[in-house]
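The values are calculated or read from the model by the stated rules, or taken from the named source; none is laboratory data. Keep in mind the model is a prediction, meaning the values are calculated, not measured. Glycine gets a Cβ as well: all are built from the backbone with ideal geometry, and neighbour counts include every protein chain shown.
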Amino acid sequence: MKKGLLIILTIFLFLGSVAAQNLTLNIYKINKTVQRYALSNLDSVQVDEANNNILVHLKDGNITALSISEIDSLTYSEGTYSVPTVELVSADYEYKLDKIICELNVTDGGCAILERGLCWSKTNPSPTVEDNKFSSGINAGKLYASTTGLTLGSTYYVRPYVTNCMGTTYGDAKKIQTLMGNVTYTIDIDKNQFPEYYALIKEALDSACYYYNRYTEFKANIHVYYSSGIPTAQANYHGSIGYGPNTTYMWVGTTMHEMAHYFGSGTSNAYWNNMVNGVWQGPVAKALCQQMTGQELHGDNTHFWPLGINYRSEVSSATDLINHAKLVQAMLVVDGGVPTSW
């Protein structure tokens with residue numbers, strides 16, 4: 001017998017034998033979700049063989065089409081119970097803890113919760129408990145759950161789940177990148193008036209954010225603007241980044257250079273206290289610069305070198321951009337102790 005006909009026969013057996021009772025039909029899918037119908041609300045269930053679906057007709061006239069290939073099993077149960085629900089309220093990666101911390105909100109569906117928590121996967125956009133999971137507690141309400149064993153610089157999909165006597169259900173999945181930082185930007189530039197400037201600056205910002213997020217701990221939303229009076233580009237400490245009309249400076253190197261100023265390079269006491277007589281005194285950045293370039297880390301009141309990306313000639317490959325970000329992290333965060341968010 002075909003699977004579709006077997007499913008429909010099973011449903012009709014349910015309907016014929018228990019319809020007079022206060023029961024529900026539970027359709028369990030292979031993606032670990034459940035659809036539930038009160039038998040008293042069902043009008044009929046039909047097979048749509050042309051589309052390999054079953055059609056659930058409700059007495060209010062609504063029709064739900066379910067793919068037979070997605071159905072795992074059927075059960076019926078007391079109508080006073082329902083499957084639980086779980087909502088993913090928030091999900092954020094915490095670099096120092098090396099965990100994705102999630103806030104969940106759980107309802108029990110009328111019968112006791114047997115398990116609740118979080119599941120995650122690198123490859124499955126809709127992870128289930130058969131992937132990786134963290135479980136904690138058996139109560140309804142809000143809770144915090146976290147992941148373990150992550151790899152920095154990777155992409156993960158996280159999804160909450162909860163199980164009660166009716167089965168397991170899932171909330172929405174969220175895509176998370178395990179990056180050290182979270183640097184974003186807001187462009188205050190009219191892209192209709194300045195389409196070329198807008199496109200070049202946005203491309204530069206996207207690239208700069210990638211390197212700073214992957215290799216530093218900074219978290220900020222940077223205001224970016226255009227002014228015809230700016231000869232190159234400029235930035236101030238925890239303020240904004242501005243570009244002038246010279247497109248030579250609308251590239252990733254200059255943008256990362258200005259971001260370094262924004263985070264405190266040449267603009268903060270943390271920088272000035274460590275740059276003494278033109279030589280960086282902080283031990284971590286000093287050793288890192290020597291390791292990466294074979295040179296001593298020098299600077300003045302405003303700029304440092306090497307790897308300050310003061311000139312295009314300092315950037316010959318992505319490695320130079322990576323090393324710049326790593327050095328800024330070492331100078332400002334490790335040696336200087338500047339705040340990484342505010």
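If you scan the range 58-79, which residues turn out to be without any contact (Cβ under 8 Å) to a residue 40 or more places away in the chain and surrounded by 15 or more Cβ atoms within 10 Å (Cβ to Cβ)?
Once the filter is applied, which keeps residues that are without any contact (Cβ under 8 Å) to a residue 40 or more places away in the chain and surrounded by 15 or more Cβ atoms within 10 Å (Cβ to Cβ), the range 58-79 yields only LEU66.
Pairs only if they're at least six apart or on different chains, beta carbon under 7 angstrom, first in the range 23-47 and within 22 Å of THR163 (Cα to Cα), second modelled with pLDDT under 75 and charged (D, E, K, R); list them, first residue then second.
LEU23/GLU78
Filter the range 57-84 for residues that are assigned to a strand (DSSP E or B) and under 23 Å from ASP172 (Cβ atoms); which is modelled with the lowest pLDDT?
The residue in question is ASP72.
THR64 - would you say it is out of contact with any Gly (no Cβ under 9 Å at 6 or more places or on another chain) and of a type in the set (Val, Ile, Thr)?
Against the criterion (out of contact with any Gly (no Cβ under 9 Å at 6 or more places or on another chain) and of a type in the set (Val, Ile, Thr)), THR64 qualifies.
To keep it simple, each residue is scored yes or no on (1) within 13 Å of ILE100 (Cα to Cα); (2) under 18 Å from the mean Cα position of the chain (by Cα); (3) among the β-branched types (Val, Ile, Thr).
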position	(1), (2), (3)
ASN124	no, yes, no
PRO127	no, yes, no
THR151	yes, yes, yes
VAL158	yes, yes, yes
CYS165	no, no, no
ILE176	yes, yes, yes
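If I ask for residues that are out of contact with any strand residue (DSSP E or B) (no Cβ under 7 Å at 6 or more places or on another chain) and on the phi > 0 side of the Ramachandran plot, which ones from the range 125-149 would you list?
Passing the criteria: only GLY149.
Do we find that VAL334 is surrounded by fewer than 18 Cβ atoms within 10 Å (Cβ to Cβ), over 20 Å from GLU203 (Cα atoms) and among the hydrophobic types (A, V, I, L, M, F, W, C) in this structure?
yes
Consider the range 115-136. How many of its residues are free of Cβ contacts under 8 Å to residues at least 60 places away in the same chain and surrounded by 15 or more Cβ atoms within 10 Å (Cβ to Cβ)?
Qualifying residue count for the region: 14.
For VAL158, state whether it is over 29 Å from TYR210 (Cα atoms), in contact (Cβ under 8 Å) with a residue 24 or more places away in the chain, of a type in the set (A, V, I, L, M) and in contact with a Phe, Trp or Tyr (Cβ under 8 Å, 6 or more places away or on another chain).
No; evaluated as a whole, the condition is false for this residue.
Residue by residue, here is whether (1) within 33 Å of the chain's Cα centre (by Cα); (2) surrounded by fewer than 22 Cβ atoms within 10 Å (Cβ to Cβ) holds:
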{"residue": "HIS238", "(1), (2)": "yes, yes"}
{"residue": "ASN269", "(1), (2)": "no, yes"}
{"residue": "GLN281", "(1), (2)": "no, yes"}
{"residue": "ALA287", "(1), (2)": "no, yes"}
{"residue": "GLN295", "(1), (2)": "no, yes"}
{"residue": "LEU307", "(1), (2)": "yes, no"}
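Within the range 156-173, track down each residue that is farther than 13 Å from ALA91 by Cα and either of a type outside the set (A, V, I, L, M, F, W, C) or buried (at least 20 other Cβ atoms within 10 Å of the Cβ) (or both).
TYR161, VAL162, THR163, ASN164, MET166, GLY167, THR168, THR169, TYR170, listed by residue number.
For residues in the range 85-111 being in contact (Cβ under 8 Å) with a residue 12 or more places away in the chain, part of a strand (DSSP E or B) and charged (D, E, K, R), which is surrounded by the most Cβ atoms within 10 Å (Cβ to Cβ)?
The extreme case among them is LYS99.
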